[in-house]
Amino acid sequence: GVRAEFDGADYVLALSRLAVAAGGAELEEDQVSLAGKLAKEAAQFELTQEAKRGMFLPNSSKKMVRAEDLVYDDAPWLSSSMNNVQFLSAEVSNEVGAALGLRSVRKLLISGELHLQDLSCPSPAWIEKQLANFQEPALIAPQLLDLADSLGATKAHLLFDFRTHGSESILQPNLAGLQGPAVLLFLDGVKLGAEQLCRLQNLPPHQHGLARAARVGPGLLSMYALADVACIVSGEALFYFDPRGTHFVDPEQKGVRPVGKAHLFVNSDMPRKFADQFAPFKVFGFDPARGFNGTLIRLPLKHDLCDSMGPDSGVSP
């Protein structure tokens, strides 16, 4: 007889037939929409692992591929810089992707399957908009200290370091200009990972995920009122954010673009090979040979601020 309703296997079969009909070519818009609807229906059933592995779903390029090769994007502020990852089509929600057993960006990062070095970095236009009313140097210290409080730091210290550090053993020659005078913010007991650093810079305040939003200024973005490039050590990682793309230059990239980088230095030879790169961070107990229970935000001063913010040399608390 005729069944009164479909079950999960029917929707999986329909998706497979759609994939066969497409033959590896891009789907039409209505076909992508149909695939999204079939996937949503399939997610309502308890499918076997075999059915999930054999399922076909549309990717972000409108092609049908095996679900086991797809990742759903639950961290768009990170994923924008990822290569060699096949993302699930936006026609299929993250909730449906999770129900069908797909992996997510966050799960890949947590599991260590995805070794992220390139990070999403805010654009100069976004920064300029956020800093429109907060660029006076006198306003920066209150903004940074308010940020420390919103992040839950037990202690926060601002340090003015007017020394010039060595530039022989650094990651690349273009970074030599970052070894000069800087302002450092130390957040005691606060560790910021790649995801949170990107979230704090690329999303509006209500999406930062903090217990309370910054009360003074634009939060972490206020650091760009002092520096063109933000240099950050937190936990076991060294981060750089270069919104104008003037220091981290990719020779294969045509034109400049915002660049974010993450380097895991614990249990690596980085501190030995690039001793000068780590030298400016050796304050407040930081030792690159081990993880750091805190965060150091180092802001190499823009050239026009160097003369106006302190002595020619030395360290000033």
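The values are calculated or read from the model by the stated rules, or taken from the named source; none is laboratory data. In this text, all values refer to a predicted model and were calculated from it rather than measured experimentally. We place every Cβ from the backbone using ideal geometry, glycine too, and count neighbours over all the protein chains shown. Areas reflect the complete protein model, heavy atoms only, side chains present, ligands, DNA and RNA absent. Shrake-Rupley method; radii C 1.70, N 1.55, O 1.52, S 1.80 Å.
Within segment 38-75, the GluC sites (Glu not before Pro) that combine a DSSP coil assignment with at most 16 other C-beta atoms in a 10 angstrom radius are E46. Rolling a 1.4 angstrom probe over segment 10-101 with all protein chains present gives an accessible area of which 46% lies on carbon and sulfur atoms. Computed from label points 7 Å out along Cα-Cβ, the spacing between R66 and E29 is 3.2 nm. Within the same chain, aspartates and glutamates fewer than 8 places from K107 are excluded, and of the rest, those with a Cα less than 15 Å from its Cα are E68, D69, D73, D74, E95, E195. A simple spin-label model places pseudo-atoms 7 Å from Cα toward Cβ; at R53 and S169 they are separated by 4.8 nm. Extension gain, K37 to W126, is 28.5 nm, computed as 0.36 nm per intervening residue step minus the present C-alpha separation. Given R0 = 51 Å, the distance between the Cβ atoms of D188 and D10 translates into a calculated FRET efficiency of 0.30.
Of the listed residues S16, S104, S167, the order by accessible area with a 1.4 Å probe, largest first, is S167, S16, S104.
Partner lysines whose Cα lies under 16 Å from the Cα of K62, excluding those fewer than 8 positions away in the same chain, are identified as K37.
With each label modelled as a point 7 angstrom along the Cα→C-beta vector, the K107-L139 pair spans 4.4 nm.
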